[in-house]
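Colleague: Quick one: the structure is below, questions incoming.
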Amino acid sequence: MDGFYNKIICTSGEEILIAGLCKKGTGKTNFEKCSAFINLSFNKNDDAYDVDYKLAEKIKAVFNEAVYAAGASVKAEHIISQSTGGVIGSPKEHIKSADGDIEYIGDGLYLLSLPEGPGVAAKCEKEIMYQIYSIIKNSKEGKQECNLKITEYLNKCNITNYLIVNDGSGENNAAYVLCKAGDVYELS
């Protein structure tokens with residue numbers, strides 16, 4: 001399995017972090033496809049739903065079946081009180097809001113998407129995702145500490161392919177993605 005990670009400044013000036021897990025040998029091509037995110041634009045009329053939907057729609061339009069899981073995170077400065085600006089999922093699936101379910105998305109990957117995040121996709125057993133859900137729900141610290149606990153747990157379980165995405169917008173949020181494919185990490 002390969003991975004990709006890219007930072008793009010979009011038309012309206014926000015930095016968008018995009019990452020994903022993909023078919024072996026397609027990481028470079030998918031890295032280059034991220035340039036399509038330059039055409040995204042966010043404005044003060046976009047609410048929390050709009051920000052996430054624009055990201056999800058772009059992921060679905062840009063990536064094909066060679067991308068097993070993809071995510072994006074953005075800090076939309078006008079969004080202050082709501083948590084938004086982070087999406088994760090399979091580009092081949094329908095766009096839907098995070099609901100807290102653990103679902104199998106194919107190619108050995110399970111996906112956990114929670115409102116306010118973080119969202120996690122990993123090539124692992126379903127039981128590991130239940131533990132990650134527990135880590136997130138029981139975390140009293142900030143999101144960075146929660147992400148650290150998740151990565152420590154995944155590494156302890158010898159999981160070598162995973163993607164973590166946080167909401168980038170809203171109070172106490174910062175754009176963040178982490179993609180590990182094999183022994184290669186890409187961090188924001």
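Colleague: Given Cα pairs under 8 Å that are at least 6 residues apart, what percent is the relative contact order of the range 52-188?
Modeller: Over the range 52-188, the number comes to 27 percent.
Colleague: Quick one, which of (i) 16.0; (ii) 18.2; (iii) 17.0 is the actual Kirkwood radius over Cα pairs in Å calculated for this model?
Modeller: Given (i) 16.0; (ii) 18.2; (iii) 17.0, the structure-derived one carries the label (i).
Colleague: Under 5 Å between amide hydrogens, which residues at least 5 positions from residue 82 or on another chain qualify, with H placed 1.01 Å from N in the peptide plane?
Modeller: Amide H neighbours of residue 82: 171.
Colleague: Could you derive backbone 3J(HN,Hα) for the range 127-138 from the dihedral phi with the Karplus parameters 6.51, -1.76 and 1.60 (θ = phi - 60°), listing whole Hz in sequence and x where the residue is Gly or Pro?
Modeller: For the range 127-138, the Karplus curve yields 4, 5, 5, 4, 5, 5, 4, 5, 4, 5, 5, 9 Hz.
Colleague: With 26 Å as the limit, write out which pairs from 75/156; 92/156; 7/137; 7/140; 23/137; 58/180 have Cα-Cα distances beyond it, or answer none.
Modeller: Among 75/156; 92/156; 7/137; 7/140; 23/137; 58/180, the Cα-Cα distance tops 26 Å for 75/156; 92/156; 7/137; 7/140; 23/137.
Colleague: Here is a follow-up. Please return the longest range in the chain lying between exposed loop sites, taking GluC sites (Glu not before Pro), DSSP loop only, at most 14 other beta-carbon atoms within 10 Å, and leaving the sites out.
Modeller: 1-64
Colleague: When the helix-only estimate is applied to the chain (DSSP H runs of n ≥ 4, each -39,500 (n - 2.57), divided by the residue count), what is the mean residue ellipticity at 222 nm, nearest 500 deg cm²/dmol?
Modeller: -8000 deg cm²/dmol
Colleague: While we're here: Across the range 164-179, in residue order, what do the Karplus-derived ³J(HN,Hα) couplings come to in whole Hz, using 6.51 cos²θ - 1.76 cosθ + 1.60 with θ = phi - 60° and x for Gly and Pro?
Modeller: 10, 10, 10, 5, x, 10, x, 4, 6, 10, 9, 4, 7, 9, 9, 10
Quick note: the coordinates plus some simple rules give every number you see, no bench work behind them. These numbers come from a predicted model, not from an experiment. Positions of Cβ are generated from backbone atoms using ideal geometry, with glycine treated the same way; all protein chains shown enter the neighbour counts.
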